[in-house]
1. Go through the residues of the stretch A:130-142 one by one and say whether even a single one is aliphatic (A, V, I, L, M) and farther than 20 Å from A:P188 by Cβ.
2. Within the stretch B:458-467, does at least one residue satisfy the condition of being within 14 Å of chain A (Cβ to nearest Cβ) and aromatic (F, W, Y)?
3. Of all the residues that make up the stretch A:197-214, how many are closer than 14 Å to B:N290 by Cα and of a type outside the set (S, T, N, Q)?
4. Taking the condition of being surrounded by fewer than 24 Cβ atoms within 10 Å (Cβ to Cβ), within 7 Å of chain B (Cβ to nearest Cβ) and either under 30 Å from A:R93 (Cα atoms) or charged (D, E, K, R) (or both), how many residues in the stretch A:189-216 meet it?
5. Go through B:V258, B:V243 for me and flag whichever is at negative phi, out of contact with any helix residue (DSSP H, G or I) (no Cβ under 7 Å at 6 or more places or on another chain) and at pLDDT below 90.
6. Just checking, does the stretch A:149-161 include any residue being in a helix (DSSP H, G or I), within 13 Å of chain B (Cβ to nearest Cβ) and out of contact with any helix residue (DSSP H, G or I) (no Cβ under 6 Å at 6 or more places or on another chain)?
7. Tell me which residues, restricted to the stretch B:59-94, are surrounded by 12 or more Cβ atoms within 10 Å (Cβ to Cβ) and β-branched (V, I, T).
8. Among the candidates B:L287, B:L282, which residue alone is closer than 30 Å to B:P440 by Cβ, within 14 Å of chain A (Cβ to nearest Cβ) and of a type outside the set (V, I, T)?
Amino acid sequence: MLLSTTETALFALTAFLVAGALVWFVFLGTRGAASRRPGWLAGWLLLLLAAVALLVLLVERSVVAGYIANTNMYESLLTLALGLLAGLLVWTRKYRPLVSFAVVGLLLVLGALGLASTLSQSIEPLQPALRSYWRAIHVPVVLLSYAFFFLNFVATLLHQWFVRFQPDEDKASQSAELAFECATAGFPLLTVGVVLGAIWANEAWGTYWNWDPKESMALATLLGYGAYLHLKLTTDTSQTVLDAVAVGSVVLLLITYFGVNLMGVGLHSYGQFG
Amino acid sequence: MLSRYYEQVASLEMMGYSVTLWVRWFWQTLRSMELAVVLLVVLALACLLGVLFPQTATTALTDIQRQFGAAYPWLQALGLFQVFSAPWFLALEGLLFASILVGSFRWLRPAFNSATLVTYMAATHIRATATGTMLPLPALSSSQQAFQGLVNHLAKAGFRVHVAPHSNRLYVHRGNIGRLAPIVAHLALLLILLAALYGGFTNFTAQVLQPPGQPFSLAQSPVFNRSVPEPFWLGRIPQWRVVVQDFHIRYYPQRPTVAQQYYTTLKIVSPPDERGQAGRVLARGSLSVNQPFQFDGVTFYQASFAPTGRLFVEVNGKPLVVALSQQLNGQPYAVVPLTPTSQLLLFPFFRHSDQVPTNHLQVFYQQAGRIVGLPAEEPSKGGPRPSASGATSSSAKQATPSLYVPEGERQARLFHGQRIRYIQPEWATGLQMKSAPEVPLMYAGFILLSVGVLLALVVQRQGWLHLCQDELSGQWQLWHYTKTRKQKARFRQQWDVLLQQYVQELTAQQAEGAHAGVVVHD
């Protein structure tokens with residue numbers, strides 16, 4: 001089944017709103033008016049509308065498909081984009097002067113939407129392994145954690161930017177705090193996601209853990225961010241080292257999310273590109 | 001991190017490396033956060049290796065050998081093709097759990113105290129801290145009133161306020177439950193480890209590929225695994241038997257080649273008695289993928305299926321069970337002898353593997369060693385070929401001297417004078433069976449871990465305040481000190497704004513009081 005007209009329209013609307021919010025935040029940033037309430041609020045409302053449009057798209061697609069739409073890479077990227085938008089809605093409000101976070105975050109959302117538009121958008125019948133209510137819980141939780149980790153990466157990059165290329169102590173400190181906050185939000189979600197996956201695996205296959213590539217990489221990602229949080233919370237490690245650990249962890253995340261799917265092996269191979 | 005290590009090594013060198021010192025060094029290293037972090041990173045990289053290198057559990061050994069050529073023996077010796085069962089990986093896992101276990105005792109108590117104990121700080125103590133700050137206050141007409149105002153102001157801001165008896169000292173906090181998060185999460189990890197250990201000594205898994213009708217017992221399954229050998233294994237193997245009654249596949253009506261679900265129905269029967277009489281039925285049930293069946297502590301999972309190599313057909317009204325005992329170009333087929341010189345060749349095609357809309361047979365008639373209707377003797381040129389449509393097209397009939405017989409058709413089809421019906425192929429269902437007494441404990445660990453990490457979202461914020469008068473100048477001062485592990489700058493900013501508001505309100509009150517001429521002496 002190919003993309004419905006409604007879905008096409010919603011996809012275009014989402015991309016348009018995200019692009020609009022991006023242009024608006026860039027405008028605010030260049031004018032130095034990022035923290036002024038009316039201007040900032042307009043950008044935030046564009047973000048909110050984009051998130052609502054994307055949510056409606058996913059709901060409409062789920063209704064058409066007859067199941068929660070998170071079974072292939074296209075749907076997964078849309079869910080990820082929604083997670084990114086949700087994170088941006090929360091953190092752009094908390095860290096209002098850090099307008100560059102909204103800009104880079106929105107570029108990431110556009111990237112996710114752009115990649116999704118190149119993938120197969122057909123609705124396929126579900127294979128028996130995916131016919132479970134656990135999928136509706138496990139997958140969104142994991143994807144939301146991925147979204148927050150990607151935002152952690154954005155904040156990490158910004159921290160290095162405000163330390164090295166455009167020195168601004170205040171913004172550097174805010175970026176570091178924001179990066180930590182994103183990781184502290186992503187870590188519990190990924191942990192819960194992995195736990196839910198283990199319970200589902202036990203219900204479906206009779207084993208909690210198979211050392212399947214996706215599972216192994218999810219564990220590696222979890223351990224990476226676990227190291228990041230332990231370093232931050234219990235040692236006096238410098239922010240530069242923490243940034244390096246965050247970058248290493250996002251590499252693990254990229255392998256988990258994209259790399260394993262490109263390999264097309266293992267029990268999670270239904271998330272392949274194509 | 002490294003400097004501490006060198007210090008420890010230096011102290012060992014100075015003390016002559018006595019056994020006691022080595023043990024102490026090992027204990028201190030094991031409980032250090034630095035080791036835990038290093039282990040987390042190393043294990044993450046090890047997992048990456050396990051994904052980048054093909055693993056023997058999922059890839060054929062010959063393929064791996066071909067891929068890595070001369071480097072294979074070296075990489076194999078390093079355990080890179082069985083990373084997750086390699087001794088070094090298991091050792092790393094064991095070390096991490098030991099580190100969690102031992103390390104937990106180090107910080108568990110301070111973390112718990114921080115979350116539960118109520119402590120107060122005097123101005124002198126606050127002054128000694130790195131971030132303790134003093135706010136000058138206006139001249140107070142009543143310090144008690146001002147203090148009560150502070151209590152109310154902080155309580156209104158959402159803090160839980162504790163007042164030290166007989167002094168103007170306060171301890172305020174918010175989100176103390178968040179401080180319990182690492183305790184709960186680490187205890188959960190230990191519970192999961194305990195559950196896994198308990199499971200290792202009590203659980204078993206078994207696998208069978210079983211056709212309907214024949215009973216089997218768990219202990220005699222072709223694949224039966226226990227984590228530990230018999231003398232140490234504490235589990236129980238049930239004596240009852242399992243009889244598979246039916247296995248079938250449901251396909252999507254609009255996509256007839258895509259399986260929607262696999263179903264097995266089975267019954268559990270008691271073992272035969274001394275006289276060999278069949279046992280009574282203890283339970284009946286059905287299972288499918290994601291819907292396991294449970295009986296007597298054993299869970300049955302739908303794992304796989306396969307044709308057994310037997311077909312149920314009817315030839316000239318006579319029911320037959322024929323075996324796929326021959327092969328042509330890799331395609332198995334069955335032979336049904338009709339006369340000493342003639343026979344039917346039955347080639348089955350399956351939806352799940354041949355991507356045909358219906359399971360069907362392609363039937364050839366062979367007489368005196370040659371396929372009737374084919375110009376050449378070998379049948380490979382004319383068939384077998386799976387039929388893409390639901391019925392043999394007229395052009396196909398002309399092109400191939402074969403008959404298409406769909407599964408389950410009530411009417412027999414006539415072919416060279418023979419009436420042929422294809423009833424169904426015989427399927428074996430692949431069942432995985434597992435007894436896992438540790439599941440409740442494991443799930444409790446999972447729930448506790450989830451609760452623990454979610455608690456971490458609650459940010460603990462603490463503040464200590466002392467409203468006092470400077471001994472020399474007599475000026476009223478508010479000394480304050482805050483502590484949080486997250487969003488430090490943000491909290492500090494909010495805290496400062498909160499206290500500034502208080503000072504402004506207090507100044508306004510004092511001004512009003514002075515204007516009204518009210519003076520209250522404590």
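1. Keep residues of the stretch A:130-142 that are aliphatic (A, V, I, L, M), which gives A:130, A:136-137, A:139, A:141-142.
Now drop any that are not farther than 20 Å from A:P188 by Cβ, which leaves A:130.
Checked against the condition, which is being aliphatic (A, V, I, L, M) and farther than 20 Å from A:P188 by Cβ, the stretch A:130-142 yields at least one hit.
2. Checking the stretch B:458-467: not a single residue is within 14 Å of chain A (Cβ to nearest Cβ) and aromatic (F, W, Y).
3. Start the filter on the stretch A:197-214 by keeping residues that are closer than 14 Å to B:N290 by Cα, which leaves A:197-208.
In the following step, the residues that additionally are of a type outside the set (S, T, N, Q) were identified as A:197-201, A:203-206, A:208.
Residues that pass the stated criteria total 10.
4. So the count comes out to 2.
5. Details: B:V243 fails: at pLDDT below 90.
Step by step, each of B:V258, B:V243 is checked, and only B:V258 is at negative phi, out of contact with any helix residue (DSSP H, G or I) (no Cβ under 7 Å at 6 or more places or on another chain) and at pLDDT below 90.
6. no
7. B:T59, B:I64, B:V83 - these are the residues of the stretch B:59-94 that are surrounded by 12 or more Cβ atoms within 10 Å (Cβ to Cβ) and β-branched (V, I, T).
8. Numbers: B:L282 fails: within 14 Å of chain A (Cβ to nearest Cβ).
It is B:L287.
The values are calculated or read from the model by the stated rules, or taken from the named source; none is laboratory data. Given the structure is predicted, the values throughout are model-derived calculations rather than measurements. No Cβ is skipped: glycine too gets one built from the backbone with ideal geometry, and neighbour counts run over all protein chains shown.
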